[in-house]
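The values are calculated or read from the model by the stated rules, or taken from the named source; none is laboratory data. Worth saying up front: this structure is predicted, and the values here are computed from it rather than measured. Note that we place each Cβ from the backbone using ideal geometry, even for glycine, and neighbour counts take in every protein chain shown. Just the protein is used for accessible areas: all its heavy atoms, side chains included, with ligands, DNA and RNA removed. Shrake-Rupley method; radii C 1.70, N 1.55, O 1.52, S 1.80 Å.
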Amino acid sequence: MTHSSNPLEGWHEEKQSAWLYSVVSEEEADAGRATLFRELGKAAEEQAGIWADLARQRGIALPTAFHPDLRARLVGHLIRLLKPRRLRGILAAMKVRGMSLYASGATPHRMPLSVEEVGRRHQTSGTGNNLRAAVFGINDGLLSNASLILGVAGATSENGLVLLSGVAGLLAGAFSMASGEYVSVRSQREMFEYQIGLEREELDQYPQEEAAELALIYTAKGIPRDEARSLADRLIQDPKRALDTLAREELGLNPDELGSPLGAALSSFVAFSLGAVIPLAPFLFSSGVSALRISIVLTGMALFTVGAALSLFTGRLAIRGGLRMLLIGAVAGGATYVIGHLLGVTLG
């Protein structure tokens, strides 16, 4: 049900946002951010007043007092316990704006001073993130299945059992990763679609109030108040660009990073499988100590390559990243092999 068809729902949503803003501002250690959230709380109260007027015009009775629902009260407790920064995703879903201040806090950048700069700054590609996810998926499959295979190989010399365990580990891990990625991306997309739907309705109902909220966020990021309001007013005149900017600056969401749930699940499945098949492959063509040695060598080479590839994202030396990943794999694989061997001796 949309706000436009139910003013009571719109009133409750804005009142609840105002209540959450007050909790966030109380727990925010940074004075500038605390002021911003207090101002956003006042704006939410004003928008609740707009919905209240609309409700009265339609003859809809409003509650005599506002009470946050159970979910909002739980989020309020979490804010006090964990602080706002750690809850920015939940707060964005609860219609608390200004979360981009936390998302970009670790990597500050110059704020745009024109509508054109806003457009250019948001024209980013997801290729880097996809590549990073693929590398981590391969690494997960490689490390987990290698450890499993070494553990079973330490317990038994039966090639069939090692092979069966490796295939089971590959399939179980790949399906688990794929299903987890599907649920994660789908949930994220549903949250984004819901929030962007709210923003679209609010732009239709009270565009100037939305511009005022956006101007407050720009002011908190360092733009002089007059320039911030002027930029926000110009953005609001272009509904499509306004929606994109509101999602990023008010909610801290990046639409470019929200891909297809099925595509994300398939990519995760393939990446994990590619990594998991490396330590398994030798046992398809050989057996015993020979297969185990080849598996260890191939796994070591792959771990070093993955570690070196991760240096593209960390900025560290490739050889250092490769050696670190090789060491991690050696410790994990060695530990599981020893444990498997001890269990094999004990149970045998």
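Of the residues making up the range 163-199, those that are over 30 Å from PHE272 (Cβ atoms) and surrounded by 20 or more Cβ atoms within 10 Å (Cβ to Cβ) are GLN195, GLU199.
Residues in the range 301-322 that are in a helix (DSSP H, G or I), surrounded by fewer than 17 Cβ atoms within 10 Å (Cβ to Cβ) and modelled with pLDDT under 90: 6 in all. Pairs meeting the criteria (first residue in the range 327-346 and closer than 9 Å to SER147 by Cβ, second residue open to solvent by 80 Å² or more (accessible area, probe 1.4 Å) and of a type in the set (A, V, I, L, M), beta carbons under 9 Å, at least 6 apart or on different chains) are GLY333/ILE296.
Each residue in the range 131-162 was checked for being open to solvent by 40 Å² or more (accessible area, probe 1.4 Å) and β-branched (Val, Ile, Thr), and 1 of them qualify.
Note on the range 80-108: residues that are over 14 Å from the mean Cα position of the chain (by Cα), modelled with pLDDT under 85 and not charged (D, E, K, R) amount to 8. Does the range 60-79 contain any residue that is over 27 Å from the mean Cα position of the chain (by Cα), open to solvent by 40 Å² or more (accessible area, probe 1.4 Å) and under 20 Å from GLU210 (Cα atoms)? No, the range 60-79 has no match at all. I'd like to check something: does the range 110-119 contain any residue that is open to solvent by 90 Å² or more (accessible area, probe 1.4 Å) and either at pLDDT 75 or above or assigned to a loop (DSSP other than H, G, I, E, B) (or both)? Yes, the range 110-119 contains a residue that is open to solvent by 90 Å² or more (accessible area, probe 1.4 Å) and either at pLDDT 75 or above or assigned to a loop (DSSP other than H, G, I, E, B) (or both).
The range 200-300 holds helices (runs of 4 or more DSSP H) entirely within its bounds, and those carrying 3 or more residues that are in contact (Cβ under 8 Å) with a residue 24 or more places away in the chain and open to solvent by 20 Å² or more (accessible area, probe 1.4 Å) map to 207-220, 225-236, 239-249, 261-280.
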